[in-house]
Each structure stands twice: as C-alpha cells, then as structure tokens.
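The values are calculated or read from the model by the stated rules, or taken from the named source; none is laboratory data. Quick caveat, the model's predicted, so the values are computed rather than measured. With ideal geometry, Cβ positions are generated from the backbone for all residues, glycine too; neighbour counts draw on all protein chains shown.
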C-alpha cells in the first residue's frame, strides 16, 4: 500500500544547508521563518490567527536514506530511529511545534523554525494544549540531554 | 510535486466506525489500543520504552474529501480546516499524542487512542516536552470549548 500526498505549500527559512541548522525550534538557536500555503488553500487558514502555536508537518525532502539505528545529535549512543527525531525515518515526515506570530494572506509568520528553506509543507494543525500536552511526560533517554537542546546545532550526519 | 509514503504498520483499536469515536485521545472517552509496526521496522523501536508518550502520525484512510471550511465537533461555527483537527484536510494526516504503556516485540500498547481500527501508521516519534510543549499556548477559538473535549464523541459528518 502506498499513500500519496501533494504539498500544500512550502517553508521559507534562513537555513539553506542541513549543516548548522538548529535541531529543534527553540528560541536560542533558531530564527523566524514563514510557512506559505498555495493560494488555493488560503481559505483553510481562517480562524487560525487566535492560536499562539501551530504544528507543522512537512516532507524532509533532503533525506535520501533510512536508518533504523541512529546516533542522534543529543547523545553518543545508537538509538532506534523511532526513539529519536532523526530525519532518516522510513517515512521522512518532519514535525515542529512553532510559535505563530501573525498571518498575512497565505503566509504564516513563525517565531522560530528549525526547518530547511524550501521544505515542502504537508499540513498545518492548531496546537491545542488539551489535545497535545500530556499532564506529565517522561522523555526516556532524552531526559539526560535536557538543557542541551536549546543550543545544539545540526551537522551533516543525516545528509 | 507528489510525496509517496508506505505505511510502517497499522493501528488496532476498538473503534470500527467513525461514528461514536472519541475525537481526541483523552482518558474519559477513549480506549486502549495497539500500534503494530511491520517486523522489518521493529529494530527502530529500540530505546522507545523509556518515553511515557509517543506522537503517532497516521493516514486517515476513510476520509474521501477535502473541505477547507468545516464545522468541527467542538462548536457550531464554520472554521478554516487548518484551524481545526478535522480529518477533511488536503493531506489527511492524523496526529495523536498517546500514552505508551509498554512495548512487546513490534507492538506498542497505548493507553488511549482516538484512532479507527486498521488505520495505516506512517510514523512514531517520541514525545519530548522540551520540543513539543510550548511554555504558554493559547488555543484560539478552541479556548471556549476547553473542558468539552474529554467527553465529546464523533459522528458521521466527516465520512
């Protein structure tokens, strides 16, 4: 079985190379960006402006391989890819929770992005704490890396 | 441009009909479920067990149309589809943050699911508060619906 999607737009960011990108959209290491939807989908953005954050789903279009075992940026041990956010996944779908600053027409101005310029956008969802925020969450092997993520940057390991 | 993915497995749940499903994986209205990955991808689950929650991405395979304006379960006004979690999106990708109870081989036992039985699974990501949980989030038009979501159930409006 195959599933086929067509991008609804694309992401504009200052990051034109996988190297030196922030690994997540945290304030210290990342920069503002724009998610632009195709004009035919702009009507779907109605009412989104009241949300402070959105969830972006996008196609990691520069990833050329699948690795089930990866050594992530945070840490030195090999981990199962589904226990990481590494891009070399069987289906390279990226997910970022980003701050929505404002909307102008078909463009969403985003506070912080960790996404490569030109990345095809698949979906935009409103971030809803009641749906998306568990009361207490434990981050497995990443617990020990907490605090490092805000300044960590990408290199070319997943190219 | 088209993007093609192949499901990594499927989701097993008590929900065999879109009608009467919980609309989100909140404890009161939902039931335990299982995410089963194909044996070839089981190695990618290594180290996931330490996480209390996972993010599931899946293909909403029963959705047959796109509506840019929808009247969601929570509320009576028409909203832009990207300001809702309705399934009639240009790319019908579902996202749920669910509790991970345990892993046995290639099966993830999940605390609460809001997903139709047999739904094709596209990706599993660890839920990491530092990546996925903004410090303060405002839920736009959904603010007034907070509290209703825990008991709300689906009907056949998005069939």
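Checked against (1) closer than 25 Å to residue B:49 by Cβ; (2) within 8 Å of chain B (Cβ to nearest Cβ); (3) modelled with pLDDT of 95 or more; (4) touching a strand residue (DSSP E or B) at 6+ places or on another chain (Cβ under 7 Å), residue A:132 passes all but a single condition, namely (3). Can you find a residue in segment B:111-118 that is assigned to a strand (DSSP E or B), closer than 19 Å to residue B:39 by Cβ and touching a strand residue (DSSP E or B) at 6+ places or on another chain (Cβ under 6 Å)? No, that holds for no residue. The residue that is farthest from the chain's Cα centre (by Cα), counting only those in segment A:76-85 that are buried (at least 23 other Cβ atoms within 10 Å of the Cβ) and in a loop (DSSP other than H, G, I, E, B), is A:84. The listed residues are A:138, A:146, A:150, A:107, and the only one of them that is surrounded by 14 or more Cβ atoms within 10 Å (Cβ to Cβ) and modelled with pLDDT under 85 turns out to be A:150. For residue A:98, indicate whether it is within 11 Å of another protein chain (Cβ to nearest Cβ), under 26 Å from residue B:137 (Cα atoms) and crowded, with 23+ Cβ neighbours inside 10 Å. When the stated conditions are applied, residue A:98 passes them.
Applying the criterion of being part of a loop (DSSP other than H, G, I, E, B) and at negative phi to the residues of segment B:32-49, the residue that is farthest from the other protein chains (Cβ to nearest Cβ) is B:38.
Identify all residues within segment A:50-61 that are touching a strand residue (DSSP E or B) at 6+ places or on another chain (Cβ under 7 Å) and either within 7 Å of chain B (Cβ to nearest Cβ) or free of Cβ contacts under 8 Å to residues at least 24 places away in the same chain (or both); write none if there are none.
The first filter runs over segment A:50-61 and keeps only residues touching a strand residue (DSSP E or B) at 6+ places or on another chain (Cβ under 7 Å), leaving A:51-61.
The answer is A:51, A:52, A:53, A:55, A:57, A:59.
Being surrounded by 14 or more Cβ atoms within 10 Å (Cβ to Cβ), more than 18 Å from residue B:100 (Cβ to Cβ) and modelled with pLDDT of 95 or more holds for only one residue in B:37, B:3, and it is B:3.
Condition check ((1) in contact with a helix residue (DSSP H, G or I) (Cβ under 6 Å, 6 or more places away or on another chain); (2) under 16 Å from residue B:9 (Cβ atoms); (3) crowded, with 20+ Cβ neighbours inside 10 Å) across all residues:
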position	(1), (2), (3)
B:43	no, yes, no
B:54	no, yes, yes
B:61	no, yes, no
B:65	no, no, no
B:70	yes, no, yes
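Scanning segment A:121-133 for residues that are surrounded by fewer than 19 Cβ atoms within 10 Å (Cβ to Cβ) and not in a helix (DSSP H, G or I) yields a single hit, A:133.
Check B:72, B:90 and return the single one that is more than 14 Å from the chain's Cα centre (by Cα), in a loop (DSSP other than H, G, I, E, B) and modelled with pLDDT under 95. Even if it seems obvious, please write down each step before you answer.
On the way: B:90 fails: modelled with pLDDT under 95.
The conditions single out B:72.
Under the condition of being in contact (Cβ under 8 Å) with a residue 24 or more places away in the chain and within 7 Å of chain A (Cβ to nearest Cβ), the residues counted in segment B:62-88 number 3.
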